[in-house]
Amino acid sequence: MGLYDGFSRLADEREAFQTAGLNPFGTCIDRIHSATEGYIGEQRVILAGTNNYLGLTFNADAIAAAQAALAEQGTGTTGSRMANGSYGAHVALEQELAEFFGRASAIVFSTGYVANLGIISALANPKAVVLLDADCHASIYDACALGGAQIIRFRHNDALDLERRMLRLGERAKDALIIVEGIYSMLGDVAPLQEIVDIKRRLGGYLLVDEAHSFGVLGETGRGLAQALGVESDVDIILGTFSKSLASIGGFAVGNDRSMEVLRYASRPYIFTASPSPSAIASVRSALRTIGQHPELRDQLWQNAYRLYNGLALLGYRVGSHVSPVIPVMIGTKEQGMLFWRALIEEGVYVNLVLPPAAPSGITLVRCSVSAAHSEQEIVAIVRAFAALRDRITLEPMA
Amino acid sequence: MLKRDVVIDYILECLRGLTAENQRPVGPQSNLIEDLGLESIKIMDLLMMLEDQFDLSIPINILIDVSTPAELADALMSHLEGHHGAV
């Protein structure tokens, strides 16, 4: 048997994507001009599939800070924090994150994926039970598998279903980990966190919220869904990423209990990974200050989200159930989704194509992510591109 | 006491619903992925349906070595015996 024979079905699908034209899962953005503009080949596109929610990838302060760190501290740390030691900037960022969230402890990781893997796998040991929302990100599933915990799924955003499953666990529910996300990455909907907190207060358990898509986006100061709903004190650990609103790369966990620090000695993905580069840390520290000093960025983001959501809904597209900076547009079949995605690029708009099973409930969707950096003209242009395609492709019926 | 034949009947009933679109024949030895075209998420959804039908808590971990309805029934019975004594 050949080394890659087990992937023959996947290889056939990949071949089909590549031979049919632009590959939605291997797109090269050949040139980047700004947070919202790029070129795919010679086609200029508005970038509306980047998760660059606050548009800070070209923020002048962040770039200057990263350049200075690069010159002063070098290109990389060349090893893990446990072996090579932490740089002062790693520790400083952790203190700043803890202060930003008003929490006792913060740990920085090399990516958002590794943050989930690092924290969750350490807690989700083989004796643990994890209750997770069925639509949780793959990194959460992978983390639970790495830890070896017993994994119980509950129906997406269904607090009553969570409660039923916790009741079945009996006494074991008191020590279970409950894991949900702030904004879900594909449908842009938010967790019913107040109801989940109410269940946790009655039945026990520990609550972890991945605010990857909601950090910088929700809450009075941008701390995420838990802040927006006033339940931060009931969330034991918040997980997040630097690669969305903070426009860099890396991830973090912040906890209410200083005891979380012990995970630095228990988390294999923390111990055995090279630490984030000085330039990445410097740009994150700068972007974190910018988020704190410029709440109007969030206002601009939401203004753009409402504009695009309403524009697409008025065209008759079936969009997500709530206004969000993540706007899914439901398309019919996989083949229609491919055609639609390519036609949007020809119209000058880059979004993400999401096929099942990555898209929940067997839906094919194109996923727009809005940025505070999108101008009003760019939002109008995105809506026009969708309008131009409205009659060319049969869409999923309205819900 | 939960009987294996009751479990497997319900698994097959669920699978007929989940694969109604492609109308493939469903039997105890059907391969869930290759014969029935189920994606991993659908198989996890099937497990949720079993949990609700029999009012049990079943971790998705039992799916690791499962590729047919018969193996799913066996894994479920084995899990219950391990956690709740003989069933």
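Within the stretch B:27-37, the set of residues being modelled with pLDDT of 90 or more and either small (G, A, S) or within 12 Å of the chain's Cα centre (by Cα) (or both) comprises B:G27, B:P28, B:Q29, B:S30, B:N31, B:L32. Kindly evaluate A:E94 against the criterion of being of a type outside the set (K, R) and either in the same structural domain as A:T364 (by TED's automatic domain parsing) or surrounded by 21 or more Cβ atoms within 10 Å (Cβ to Cβ) (or both). For A:E94, the condition - of a type outside the set (K, R) and either in the same structural domain as A:T364 (by TED's automatic domain parsing) or surrounded by 21 or more Cβ atoms within 10 Å (Cβ to Cβ) (or both) - is not met.
Checked against (1) away from chain B (no Cβ under 14 Å); (2) among the β-branched types (V, I, T); (3) more than 17 Å from A:V323 (Cα to Cα), A:I183 meets all criteria but (3). Which residues, counting only those in the stretch A:14-60, are surrounded by 14 or more Cβ atoms within 10 Å (Cβ to Cβ) and among the charged types (D, E, K, R)? Scanning the stretch A:14-60 gives A:R14, A:E37.
Confirm whether A:M186 is surrounded by fewer than 24 Cβ atoms within 10 Å (Cβ to Cβ) and in the same structural domain as A:G102 (by TED's automatic domain parsing). Considered against the rule, which asks whether it is surrounded by fewer than 24 Cβ atoms within 10 Å (Cβ to Cβ) and in the same structural domain as A:G102 (by TED's automatic domain parsing), A:M186 comes out as yes. Scanning for something basic (K, R), without any contact (Cβ under 8 Å) to a residue 24 or more places away in the chain and in contact with a strand residue (DSSP E or B) (Cβ under 8 Å, 6 or more places away or on another chain), does the stretch A:33-54 turn up at least one residue? No, because not a single residue in the stretch A:33-54 is basic (K, R), without any contact (Cβ under 8 Å) to a residue 24 or more places away in the chain and in contact with a strand residue (DSSP E or B) (Cβ under 8 Å, 6 or more places away or on another chain). From the list B:L47, B:L63, B:L76, the one residue that fits, being under 23 Å from A:P126 (Cα atoms), out of contact with any Asp or Glu (no Cβ under 8 Å at 6 or more places or on another chain), buried (at least 17 other Cβ atoms within 10 Å of the Cβ) and away from chain A (no Cβ under 11 Å), is B:L76. So for the stretch B:15-29 (the condition being within 14 Å of another protein chain (Cβ to nearest Cβ), surrounded by 13 or more Cβ atoms within 10 Å (Cβ to Cβ) and touching a strand residue (DSSP E or B) at 6+ places or on another chain (Cβ under 9 Å)), does at least one residue qualify? For the stretch B:15-29, residues within 14 Å of another protein chain (Cβ to nearest Cβ), surrounded by 13 or more Cβ atoms within 10 Å (Cβ to Cβ) and touching a strand residue (DSSP E or B) at 6+ places or on another chain (Cβ under 9 Å): absent. Among the residues examined, A:A122 does not qualify as of a type outside the set (S, T, Y), within 18 Å of B:E51 (Cα to Cα) and more than 13 Å from chain B (Cβ to nearest Cβ). Take the residues of the stretch A:125-141 that are more than 9 Å from every other protein chain (Cβ to nearest Cβ) and not in a loop (DSSP other than H, G, I, E, B): which is modelled with the lowest pLDDT? Of everything passing the filter in the stretch A:125-141, A:A138 is modelled with the lowest pLDDT. Pairs are defined by a Cβ separation below 6 Å, a sequence spacing of at least 6 or placement on different chains, a first member in the stretch A:142-163 that is within 8 Å of another protein chain (Cβ to nearest Cβ) and surrounded by fewer than 21 Cβ atoms within 10 Å (Cβ to Cβ), and a second member that is in a helix (DSSP H, G or I) and at pLDDT 95 or above; the pairs so defined are A:R155/A:D161.
The values are calculated or read from the model by the stated rules, or taken from the named source; none is laboratory data. Remember, predicted model here, so these are calculated numbers, not experimental data. Positions of Cβ are generated from backbone atoms using ideal geometry, with glycine treated the same way; all protein chains shown enter the neighbour counts.
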